[in-house]
Structures are given as C-alpha cells and as structure tokens.
Amino acid sequence: MKQVFFIIIGLLMSLCSLAQDRETPVTKKVIDSLYREDQFYIGLTFHLLRDLPESVSQSGFSGGLHLGFIRDFPLNKRRNIGFGAGLGWSINSFGQELFIGEDSNNNTVFRNLNSEGFDYISNRFNTQLVEAPIEFRWRTSTPDSHKFWRVYTGLRLGYVYYFKSTFKQTDNQVIQTDVPEFDRFRIGTTLSFGYNTFNLHLYYSLNPFFKDGKLGNSDIGITTFKVGLMFYIL
C-alpha cells in the first residue's frame, strides 16, 4: 500500500513538473524609444464673450464641443519637447443681446435688444468650423508610460463653414445664415495643461467675429474667451 502511495505521489510530481515545463514563457514588453504622442482630443468649453458693444451683454448659456486629431513631432532626444499639428471640428453656441437681421435692401441690421426693450425668448448665433491646431508641446512622458504632466500652447486656425443667427419671440422668428460682416476665418491662442487624460483648456480669439459690423457709431467686434476641459486619447 505504501508503495502504491509513493508511486502516485511520484506520478503527480512528474506531471506537475511536466506542466511547468510546458508553460508559455512570459513575453517581455517591447519599449518603443522613438514613440510619438499622437492624440485624439475631445474638448468641452464654456464661452465668455468680450469686447461687446456698450450696453450689449451676454445672455443664456454659451458653450462648445471640439473634436480632432493631432500629430506629434518630437524635437529632442528625450522626446519631452515637441511640435504638434492636426485637424479638428468644432461646434459653438453664443447667447447675447445683439439682434442680427436685414432690411428690405438685404443689408445687415444690428440692434441692441437690451436698450430697445425687446420682449423675446432667446437670441444666439451658432457656428460650425474646421480647425487646424498648431502647438508647442512640453511633457514628462516616458517610453513606457502614457500618464504624464503636459503643457501645450499654440495657435488654432479655423474656418466657419456654417453660421446661423436665431432670434425667437412668441410668434416670430428671425434666422440669418449669410452675414457679410461676419469673419469666417478664425484665429486664437490656446493653452492646455494637466495630467494624463484630464486637462484644463483655454482659448482666446485674436480676431473679432464682426470685423465690419456697426451698432450705431460703434464697432461691434466681439471676441471670445473659452475655458473648459480637454481630454487626450492616445
């Protein structure tokens, strides 16, 4: 009986040893020392309108959604400094008290809803544009980790292919989609900084929305400052 017991123990030990010999070897992680921080980005921003005509104010919610891809070009051996260039899409909404309409000769008419005492439900203009982000990039990235601190700053060039101004009253609605005074080419400075996926994002427009618009004897102008979150996905 003891012999049978020892034979069974010996067989089990042999099987265990054989199983260990047949285990798949642990694969060694390959580290890419020539990595790039190519990234998809998704941004959500809240908009503060600036340089508004006198007595015209922002009203209601103003915000935007931004999507795109940025190609990374490292500039040093450590690859913690780089240049980024990409392509994106942005949709924005701006609530304010500036009425945009037209007269019988198809000339644009701007009116101050606040000072003229209009009773209305909402007044805003919406834009959709293609953008080209250009960035100077600093980060604490390493070849084996995607979690790092970053500071990205640069310019964002854009072209507004869709513009719509909507004024709503209880029994009336005025929509304008072609406003000659509106500057469809957009340029702004950007700054994104944070850790890993979540980053604070700032944008300040360098050119006004309405470069030739007049409200009485005053230039309309209007620029925007955007603040929000930018999510980078590798």
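Annotations
- Among residues of the range 103-115, those that are surrounded by 14 or more Cβ atoms within 10 Å (Cβ to Cβ) and assigned to a strand (DSSP E or B), counted: 4
- Criterion violated by SER93 - all others in (1) at pLDDT 90 or above; (2) touching a strand residue (DSSP E or B) at 6+ places or on another chain (Cβ under 7 Å); (3) over 30 Å from TYR120 (Cα atoms) satisfied: (3)
- Listing of strands (runs of 3 or more DSSP E) fully contained in the range 136-234 that carry 3 or more residues being surrounded by 12 or more Cβ atoms within 10 Å (Cβ to Cβ) and on the phi > 0 side of the Ramachandran plot: none
- Set side by side, the residues PHE118, PHE99, PHE136 differ, and just one is touching a residue at least 60 places away in the same chain (Cβ under 8 Å) and not hydroxyl-bearing (Ser, Thr, Tyr), which is PHE99.
- Odd one out for ILE100, checked against (1) of a type in the set (Val, Ile, Thr); (2) farther than 20 Å from LYS211 by Cβ; (3) at pLDDT below 95; (4) surrounded by 15 or more Cβ atoms within 10 Å (Cβ to Cβ): (2)
- On inspection, LEU191 passes the criterion of being under 29 Å from GLY84 (Cβ atoms), at pLDDT 95 or above and out of contact with any Lys or Arg (no Cβ under 7 Å at 6 or more places or on another chain).
- Looking only at the range 63-91, and only at residues there that are in contact (Cβ under 8 Å) with a residue 40 or more places away in the chain and among the charged types (D, E, K, R), the one that is surrounded by the most Cβ atoms within 10 Å (Cβ to Cβ): ASP72
The values are calculated or read from the model by the stated rules, or taken from the named source; none is laboratory data. No experiment lies behind these values; they were computed from the predicted model shown. Here Cβ is always computed from backbone atoms with ideal geometry, including for glycine, and neighbour counts include all displayed protein chains.
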